[in-house]
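**Q** If you scroll down you'll find the structure; I have some questions about it.
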Amino acid sequence: MANPSPGYSITVRVEAPSSYQVTSELAAAVGAAGGQVTALDVVESHADRMVVDVTANTSSPEHADSVADAIRGIQGVTVEHVSDRTFLIHLGGKLEVVPKVELRNRDDLSRAYTPGVARVCRAIADDEKLARNLTVKRNTIAVVTDGSAVLGLGNIGPSAALPVMEGKAALFKQFADVDAWPVCIDTQDTDEIVKIVKAIAPVYGGVNLEDIAAPRCFEIEARLREELDIPVFHDDQHGTAIVVLAALNNALRVVDKKIEDIEVVVSGVGAAGHAVIQLLLAAGVRKIVAAGRNGAIARGQEHADEHRRWIAENTNEQGLTGSLNEIVAGADVFIGVSAPDVLTEEAVATMAPRSIVFALANPDPEIDPVKAGRHAAVVATGRSDYPNQINNVLAFPGVFRGLLDAGVNDVTTEMLVAAAAAISSNVSDEELNESYIIPSVFDRDVARDVADAIVAVAERDRERQQHETAAAV
């Protein structure tokens, strides 16, 4: 897993003797060190010297140092400084607040602020529902975290979680024109988190819970859904489940298998694993076996966590026991939402013919995708440097766009299944193949299609409720 990646991109500014060969020498040095040159820019050119920016992808901070050292080894070349491009993009943060209205003169100020704004405040005080149309509420999402389960970094706290939440908010805006804002809470007490989110809820049209450790995330989501009148969506659970189901729909088209006939093994029984299993069952999968750190989850085992108890009661009807690498034998599908390097190549070789492997642990998957591809027909990861990237950004912007447009409070399983189908449909029969089962995260149609699917389900739910009410009367 040492492929150069844009996530470890560096720019090395060098001063070198003026020569036609210097750029070739720089590129050769980077390549010899295992780097991947993406740009060579001559910043200054003088009679006797040149200043050149060498931009390259590397595989780690240590590898970046090695690439810089290789450049330093060129005779006559001086390295002025090395810039980490990931840190550069975060300088000053990734978000800003931009007014939607211009305040050009006193007239504008009188309407946007005092005295005119007071009449709008009174109107909302008389009818609180007007806040949805007369404030930012109708298009604003709180991205809430306590920093307890950030990416694969663990419990790093709210300040360290902020760059991720900023990125999430940027994705909301980029792909669905939803205004989102990071809310990083400096407590990991469940009651306090619920209390704080309830207190700030008047500003927002929805809550996106993010990177909160299991099992607390389950209770926080359940209580907020019960106590708030806006939709609450835990992306680590439901966003992951949506994109997994979307990718599985298309992978099954590739291998010509039906969802009701397959046997699935899920590695990881935390928030993501629990939600994936729930949604797969709702979508028609009949045989699922889940595995935690100690192997297969089976009925009769004792689990202090009610969500693991639910998994034990609703999966593994075959009663399989053993380690992860043992229970994948004969399975059609492996879905990993767990930890790096827990699945062996030998185990993949024992899966059913035309098998499917989704190794989604980030940044390092459950198995090297190259090794998995020697035996599986379809392989997907969560990484951007391999084909078939299963990424939550395909789901959450469109889901919230749809929830906001529909003006609904509940997030239903039917909506999640519909969202997955909308994502799947963005890969046509002509495009579909082993290396293309899921649309690009930059496909601008995906978020709109997901939003439309959410709205359609919401409208059907309203019609159903109206018919039931009419029938009762």
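The values are calculated or read from the model by the stated rules, or taken from the named source; none is laboratory data. Keep in mind that this is a model prediction, so the values were computed, not measured. Cβ sites come from the backbone with ideal geometry, for glycine too, and all protein chains shown count toward neighbours. These accessible areas exclude ligands, DNA and RNA; they are computed on the full protein's heavy atoms, side chains included. Shrake-Rupley method; radii C 1.70, N 1.55, O 1.52, S 1.80 Å.
**Q** Can you find, within region 173-218, the residue that is farthest from Arg138 (Cα to Cα) among those that are hydroxyl-bearing (Ser, Thr, Tyr) and outside any helix (DSSP H, G or I)?
**A** Residue satisfying both the conditions and the ranking: Thr187.
**Q** Give just the number: which of (1) touching a helix residue (DSSP H, G or I) at 6+ places or on another chain (Cβ under 9 Å); (2) within 28 Å of Gln174 (Cα to Cα); (3) open to solvent by 50 Å² or more (accessible area, probe 1.4 Å); (4) not in a helix (DSSP H, G or I) does Pro363 not satisfy?
**A** The one condition Pro363 does not meet is (1).
**Q** Another question about this same structure. Just give me the residues in region 111-127 being open to solvent by 70 Å² or more (accessible area, probe 1.4 Å), assigned to a helix (DSSP H, G or I) and more than 15 Å from Val101 (Cβ to Cβ), in sequence order.
**A** Scanning region 111-127 gives Arg119, Cys121, Arg122, Ala125, Asp126.
**Q** Related question: Report, by residue number, each residue of region 294-352 that is surrounded by fewer than 22 Cβ atoms within 10 Å (Cβ to Cβ) and part of a strand (DSSP E or B).
**A** Of everything in region 294-352, just one residue is surrounded by fewer than 22 Cβ atoms within 10 Å (Cβ to Cβ) and part of a strand (DSSP E or B), namely Gly295.
**Q** Just to verify a result, which residue in region 40-63, among those that are open to solvent by less than 30 Å² (accessible area, probe 1.4 Å) and hydrophobic (A, V, I, L, M, F, W, C), is farthest from the chain's Cα centre (by Cα)?
**A** If we take residues in region 40-63 being open to solvent by less than 30 Å² (accessible area, probe 1.4 Å) and hydrophobic (A, V, I, L, M, F, W, C), then Met50 is farthest from the chain's Cα centre (by Cα).
**Q** For residues in region 435-473 being open to solvent by 80 Å² or more (accessible area, probe 1.4 Å) and not in a helix (DSSP H, G or I), which is farthest from Asn392 (Cα to Cα)?
**A** The extreme case among them is Val473.
**Q** Which of the residues belonging to region 392-407 are buried (at least 20 other Cβ atoms within 10 Å of the Cβ) and in a loop (DSSP other than H, G, I, E, B)?
**A** Ala395
**Q** Quick check on Ile196: is it closer than 9 Å to Val144 by Cβ, open to solvent by less than 40 Å² (accessible area, probe 1.4 Å) and among the β-branched types (Val, Ile, Thr)?
**A** Considered against the rule, which asks whether it is closer than 9 Å to Val144 by Cβ, open to solvent by less than 40 Å² (accessible area, probe 1.4 Å) and among the β-branched types (Val, Ile, Thr), Ile196 comes out as no.
**Q** Here are Asp429, Asp410: which of them is in contact with a helix residue (DSSP H, G or I) (Cβ under 9 Å, 6 or more places away or on another chain), closer than 16 Å to Leu252 by Cβ and either part of a loop (DSSP other than H, G, I, E, B) or of a type in the set (Lys, Arg) (or both)?
**A** Matching residue, one of Asp429, Asp410: Asp429.
**Q** Can you tell me which residues in region 421-431 are within 20 Å of Gly284 (Cβ to Cβ) and either among the aliphatic types (A, V, I, L, M) or open to solvent by 30 Å² or more (accessible area, probe 1.4 Å) (or both)?
**A** Those that are within 20 Å of Gly284 (Cβ to Cβ) and either among the aliphatic types (A, V, I, L, M) or open to solvent by 30 Å² or more (accessible area, probe 1.4 Å) (or both): Ala421, Ala422, Ile423, Ser425, Val427.
**Q** Here is a check on your reading of the model: is Ser66 farther than 26 Å from Gln174 by Cα, small (Gly, Ala, Ser) and open to solvent by 80 Å² or more (accessible area, probe 1.4 Å)?
**A** For Ser66, the condition - farther than 26 Å from Gln174 by Cα, small (Gly, Ala, Ser) and open to solvent by 80 Å² or more (accessible area, probe 1.4 Å) - is not met.
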